[in-house]
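Working notes, beginning with the structure itself.
Please treat every number below as a calculation from the coordinates, not as lab data. Computed from a predicted model, the values in this text were never measured in an experiment. Neighbour counts run over all protein chains shown; Cβ positions are idealised from the backbone, glycine included.
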């Protein structure tokens, strides 16, 4: 019995650590409420690295239940590629795996031309590990309980590791851009100073010849 207790205690402690880490670490799930005017567009954007699963659901919430407008939804990649486009919608979802690093944009607008047809949109936006269907994973791999929580923790740690690598890559790129900009500014300063020196020398030479011609010196 004592040996069994010694086995269960570390397992329980590990499970509690897993649960606490899963609660404390950001999982990439965001729920927002957008208030849409009768005309105009509102967008949400998020910077995401490549090879990340994105899943989002949206629901129209009309302000006036006697007049129910419809939505136009468009999702684009950092390079302007359309990933999702839906018109005359009141509810929907989109899912994709990112192929480009940068800002992904989801824009919502009211289709109706009725001036009083404003509405709200509930958006549930999930990326990475938060977009994974853990029930399907548990059934497919036949895991549950502690094993499932450990699998979630493992995927969370891997997601954080990938985020850190992406941030490090972005920092390196920004540092290289800053260094190139500094070099260009330095060369521009040197060229400007050289032009000023040459212009001053030419002006002095011109004034010297002018005074010599006038026999002032």
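Structure above, values below:
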item	result
Volume in Å³ per residue [convex hull over Cα atoms, computed for the stretch 26-132]	87
D (Stokes-Einstein, µm²/s), Kirkwood Cα radius, the stretch 93-188, 0.890 mPa s at 25 °C	134
Virtual spin-label span in nm between residue 72 and residue 161, 7 Å along Cα→Cβ	4.5
Alpha carbon centroid spacing (whole Å) that separates the stretch 122-146 from the stretch 39-63	20
Label-point separation, residue 183 to residue 30 (7 Å along Cα→Cβ), nm	3.6
Equivalent ellipsoid dimensions for the stretch 145-217 as semi-axes, Å, which come from the Cα gyration tensor, largest first	69, 5, 4
Sequence-separation-based contact order of the stretch 27-132, relative, with Cα cut under 8 Å and 6+ spacing, percent	49
Protection-proxy order for peptides 138-151, 70-83, each taking the mean of Cβ atoms within 10 Å per residue, highest first	70-83, 138-151
